[in-house]
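Okay, structure first, notes after.
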Amino acid sequence: MGTALAHLFAGKDHTVRIWSIIPEEVEMLNRYHEQREKLPGVILPNTVTCSGNLNEAAEGFDLWVVAVPSHALRSTGRQLAGMLDPRAAGAGPGAGPGVEPGVEPGAGLGTKAPVIACFTKGMESGTGCRMSEILQQELPGCRVVAMSGPCHAEELGREMPGAYVAASGSKMDAEYVQRLLMTPYFRIYTQTDVVGVETGGALKNIIALCMGILEGAGFGDNTKAALMTRGMAEIIRLGMAMGARRETFSGLTGYGDLVVTCTSIHSRNRRCGILIGQGMPLKEALARINMVVEGVLTTRAAEQAANRLQISMPITKQAHLVLFEGKSPREAIMDLMTREPTSEEPI
């Protein structure tokens, strides 16, 4: 996703620098201007450079785009915090570090910190934190815009039309990112319901993983339709308990993201689930995918959150048992189907 976004920004004549912790990736991007393993065929302009040094990569830019795996977000935030001028902290939510309310973003480092567009989707195990919460904890007062929606890097990098959402409590910050990202092939909408946008983007990965498990185990379309529909009911239930607005889940970061992740050949969660449904152990399935499968860690985090908030999430609970306790998919389906009868009245 980071490479696809670099391609987008460079196409709009922005100065772009990529950071990676993988030396081989740094060399690949600088030499061939292409992520040949994960995004083959998407060629970056020569103006895009890559560095293995985070300070070198981020210094002097007005926008930081974060697209690291969820488990690496907190450590990345801590590294970024070391780059901020102490005078840039403490401006408070909506204004951001060192920036007076109503001041246009874009002053770079120094006493005015950059806006952070966070494309990482997930929920932190143990704390239950959303991604923007992690960044705000590690970079107090930072101006985070949560990015989410139905978009695969494989299609974004090839300029296939798609839409996304920029969510922030600050309308100005969301619109700033919107203007920077908008192209004829990538349409950006703004939102103020950060909780809804982030929970929708995180929890749909659990349902997509389950969708793959159903496919791998040989279940049919009736089962898949039931899973997606009742899965969204769980997403809404937990999201609202965390403070989200119900209507947000009818949009791009709710049903939109759920549909694409459950059905696409590009979905790592779905592909990993297929392998598990076919009987492959989780560890081996993850090795076969060879990329981060966010739904696995999010399943653990969501199960913890549901227990903490006393929210009924039977699909998530069964997914947790299949992934981490060796329960068979068919037994999990049977237990879901034979629960006590209930109603489908609105939550």
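Derivation of every value follows stated rules applied to the coordinates shown; laboratory data play no part. In this text the structure is predicted, and so the values were computed from the model without any measurement. So basically every Cβ, Gly included, is an ideal-geometry build from the backbone, and we count neighbours across all protein chains shown.
Just a few scattered comments:
- Label point distance in nm, Met160-Glu325, each placed 7 Å from Cα along Cα→Cβ: 3.8 nm
- Formal net charge of residues neighbouring Arg300 (Cβ-Cβ distance under 14 Å; K, R +1; D, E -1): -2
- Gap separating the Cα centres of the stretch 13-89 and the stretch 330-347, nearest whole Å: 45 Å
- Pairs exceeding 30 Å between alpha-carbon atoms, taken from Lys12/Lys224; Lys171/Lys224; Lys121/Lys327; Lys12/Lys38: Lys12/Lys224; Lys171/Lys224.
- Contact order for the stretch 2-192, expressed relative to its length and based on alpha carbon pairs under 8 Å spaced 6+ residues apart, stands at 18 percent.
- Per-residue packing, averaged as other Cβ atoms within 10 Å, sorts the ranges 230-241, 58-69 into the order 230-241, 58-69, beginning with the highest.
- Residue exposure sequence - Leu286, Leu209 - by fewest surrounding Cβ within 10 Å: Leu286, Leu209
- Membrane-span-like helices in the chain, defined purely by DSSP H runs whose alpha carbon atoms cover 18 Å or more axially and whose average Kyte-Doolittle hydropathy reaches -1.0, are 194-217, 221-241, 294-309.
- Normalising the average separation of contacting C-alpha pairs (under 8 angstrom, six or more residues apart) by the number of residues puts the relative contact order of the chain at 14 percent.
- Charged-residue dipole, Cβ positions (Lys, Arg, Asp, Glu), the stretch 195-337 about Cα centre, Debye nearest 20: 80 debye
- The stretch 241-328 - percent relative contact order, Cα under 8 Å, separation 6 or more: 19 percent
- Peptides 43-55, 245-257, 272-284 ranked from most to least packed give 245-257, 272-284, 43-55, packing being the mean of other C-beta atoms within 10 angstrom over each peptide's residues.
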